[in-house]
Structure formats: structure tokens, C-alpha cells
1. Express in nm, to one decimal, how much length is gained between residue 202 and residue 214 on full extension, taking 0.36 nm for each residue of separation and deducting their alpha carbon distance.
2. Any idea what % of Cα-Cα pairs in region 8-97 are farther than 19 Å?
3. Mind listing P(r) for the chain? All alpha-carbon pairs, 5 Å bins, whole percents.
4. For helix 226-238, report the angle its Cα long axis makes with the longest principal axis of the Cα atoms of the chain; keep it between 0 and 90° and round to the nearest 10°.
5. Would you work out the relative contact order for the chain, in percent, from Cα pairs under 8 angstrom that are 6 or more residues apart?
6. Determine the per residue accessible area of the chain with all protein chains present and a 1.4 angstrom probe, expressed in square angstrom.
7. Cα centroids of region 26-57 and region 77-153: how far apart, whole angstrom?
8. In the neighborhood of residue 257, defined by Cβ-to-Cβ distances under 14 Å, what is the net charge if each Lys or Arg adds +1 and each Asp or Glu adds -1?
Amino acid sequence: MATPEDKHTTETITHLRRWTDTLISFRLTRPAGFRFTAGQFARLGLQTETGEAVWRAYSMVSAVWEEYLEFFSIVVPHGAFTSRLCRKTEGDTLWLDKTATGFFTLNRFPDGRDLWLLATGTGLAPYLSILQDPDVWSRFEHIVLVHSVRHTAELAYREEIAALPQHPLWAEHGHKFRYLPVVTREPAAGRLSARIPQLLASHALEEAAGLALSPAHSRLMLCGNPQMVEDTHRQLKEMGYRLSRLSAPAQLAVENGW
Ligand SMILES: Cc1cc2nc3c(=O)[nH]c(=O)nc-3n(C[C@H](O)[C@H](O)[C@H](O)COP(=O)(O)OP(=O)(O)OC[C@H]3O[C@@H](n4cnc5c(N)ncnc54)[C@H](O)[C@@H]3O)c2cc1C
Ligand SMILES: NC(=O)c1ccc[n+]([C@@H]2O[C@H](COP(=O)([O-])OP(=O)(O)OC[C@H]3O[C@@H](n4cnc5c(N)ncnc54)[C@H](OP(=O)(O)O)[C@@H]3O)[C@@H](O)[C@H]2O)c1
């Protein structure tokens, strides 16, 4: 059974993009009343061949001001949701929860000078929405996006990321942005290839960004593989960083990708 009709809407897939065999992006029509804050997620649903409903959490990739909703998805070969999602085509439909949720948003940091966005795999998704918020570009002095994947082909959205600093809504702040791709299983000279916690411990991330980390100035968001989130959180704790709460602001916000 799906959730009651008053809790979700049925939306149409208007655009599909296949990055690799295991990574796809898709756009859905956006209901007029669907509101969210950049960094939040919504649940998407579909019906199986036997009539059961399968719901999964998905971070919005698209800007809060776009007319459509975009999502970036893994395809897990026998995954209940994604093995069916990957067979869908433009014109097919998905269910969308009416309410977006989540606390992986920038209001977790009332202060801070430098924003570090650390992702593995599809953990990139919420940052793409956050990076299309004009306030983020004016608020921070430096913005560093780190995306760690196994293989180069999995560095999705490279062209969109490269174009971000020139966007007319925040182009005067474009110089603040650094994009640091990390490819862990195809090491190449001059490219970061170690895991994020090691890159933090060795200061290689700071060197590549040309920016020092400090608890006073740096605000860090971690999203993706839960083991990466745990290991990176532990590393950053050793370096003096703490989870930020609305009642006790600090430096870190974390979100497990599954
Ligand atoms: C808050 C939140 C936000 C999320 N946002 C996204 C998103 O934007 N994009 C997205 O693809 N997924 C996202 N997920 C994961 C998503 O909800 C599903 O788990 C995923 O779509 C796979 O669904 P499934 O039913 O096919 O497999 P599941 O049965 O849900 O998962 C099977 C296994 O696949 C692996 N797995 C699941 N999700 C991922 C992933 N994203 N990357 C790598 N391995 C994975 C894990 O080993 C998991 O145990 C999010 C999860 C949470 C909790
Ligand atoms: N991508 C593939 O080619 C592939 C192939 C077969 C199956 N799968 C399955 O598909 C799913 C998604 O794969 P994925 O490649 O998107 O996700 P992933 O395994 O999370 O890898 C994405 C990035 O996260 C890094 N990472 C993993 N664990 C980490 C940790 N504890 N600390 C820091 N960094 C960490 C990986 O580095 P490392 O390379 O060092 O792990 C890689 O750079 C997984 O369940 C995987 O088992 C993927």
C-alpha cells in the first residue's frame, strides 16, 4: 500500500541522465506547494510488480528556486527501489512525499568563515542544491567542495560544478570556490587519491585547497558512505572539531547516505 493520497503526490520523470551503469540523475515535475531548504531530502516511492510500495530518502540536487526537482541516484543491482528506478523512462511516474525533511542545512552554522563540503558518491547531491543558494556565496569567504569516488567516470556533475562560479546570481563571489575531486581506485599523478580522513590527517586537503582548516573559521559538512562519515567525524574530533547543534553551535554537520 502506498501512503495515503493526502501525504504524497504523483510526479512525472521529465529528464533522465545515465552517468555510469550505477549512477543516474533524473528530474521530476515539482508540485506548486513543494517547499524545501537546500540540503534537505524527500521520500520517493514506487510500486512493485506485486503492488507493494517502496519508499526511499533522496536529497534534492536542484536549487530551491528551480521549477523541477532533480535527484542523483546510485543503482544497487538488487536494491528494492533502485533496481526498479533504473528501468523507468521519461514520462513514467514516481510518488513524492509532500513534505521535505532533514537538518543537513546551513542554519546549523550561525557563524563561520570557510565552508567545507565533503562527499563520497551520491553524497554530493545535497551540496549541489546548497551551492545554488546565492546566500551561501555571499556569506562564506571560501567554499571547498570535495567529492571522493572510486573511478573517474563517477565524478558526476563535473561540468555543472565547473560552471557554478560563473552563475550570474553569485558570479562576483565565484573566486571563493574550490572543487577537489578525489579518485581512490585510479590514482594519477597530481590528483588526490587517498580517502578523506587520511587527506585531513596529512593536511593534503588543505594544501590542495590552499586554505588552512581551523575550528575558529572552518565549518564542515560530511555526507555519503556511513563508514566515511564515521571515520571522518572521528578524525575531525581528534583535530578539535565538534558536531554543531542548534542549541550549541560548533563546526560539523553530518548525514549518512544510507
Ligand atoms: C537522508 C538520506 C538521503 C539519501 N539521499 C540519497 C540520494 O540523494 N541519492 C541516493 O542514491 N541515495 C540516497 N539515499 C539512499 C537511498 O535512500 C536508498 O538507500 C538507495 O536509493 C538504494 O535504495 P535500494 O532500495 O535500491 O537499496 P537499499 O536496500 O536501500 O540499499 C542496499 C545497499 O545499497 C547500498 N547503498 C544504498 N544507497 C547507496 C548510495 N546512495 N550510494 C552507495 N551505496 C548505497 C548500501 O550498502 C545498502 O545497504 C539517502 C538515504 C538517506 C537516509
Ligand atoms: N563503484 C563501483 O565500481 C562499485 C563496484 C561494485 C559494487 N559497488 C557497490 O555500489 C555501492 C556504491 O559504491 P560507491 O563507489 O558509490 O560507494 P563507496 O564504496 O562509498 O565509494 C565512494 C568513495 O567513498 C570512499 N570511501 C569508502 N569508505 C570510506 C571510508 N570509510 N572513509 C573514507 N572514504 C571512504 C571510497 O574510497 P575507496 O575506493 O578507498 O573505498 C570512494 O572514494 C557500494 O555498496 C558498493 O559496494 C560499487
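The values are calculated or read from the model by the stated rules, or taken from the named source; none is laboratory data. In this text the structure is predicted, and so the values were computed from the model without any measurement. Cβ atoms come from the backbone with ideal geometry, glycine included; neighbour counts cover every protein chain shown. For accessibility, only protein heavy atoms count, side chains too; no ligands or nucleic acids. Shrake-Rupley method; radii C 1.70, N 1.55, O 1.52, S 1.80 Å.
1. Additional length available on full extension: 2.9 nm.
2. 33 percent
3. Per 5 Å bin, starting at zero, the Cα-Cα P(r) for the chain comes out as 1, 6, 13, 18, 19, 17, 12, 8, 5, 2, 0 percent.
4. 20 degrees
5. That works out to 18 percent.
6. Value returned for the chain: 48 Å² of accessible area per residue.
7. If we compute the Cα centre of each part, the gap is 15 Å.
8. Local net charge: -3.
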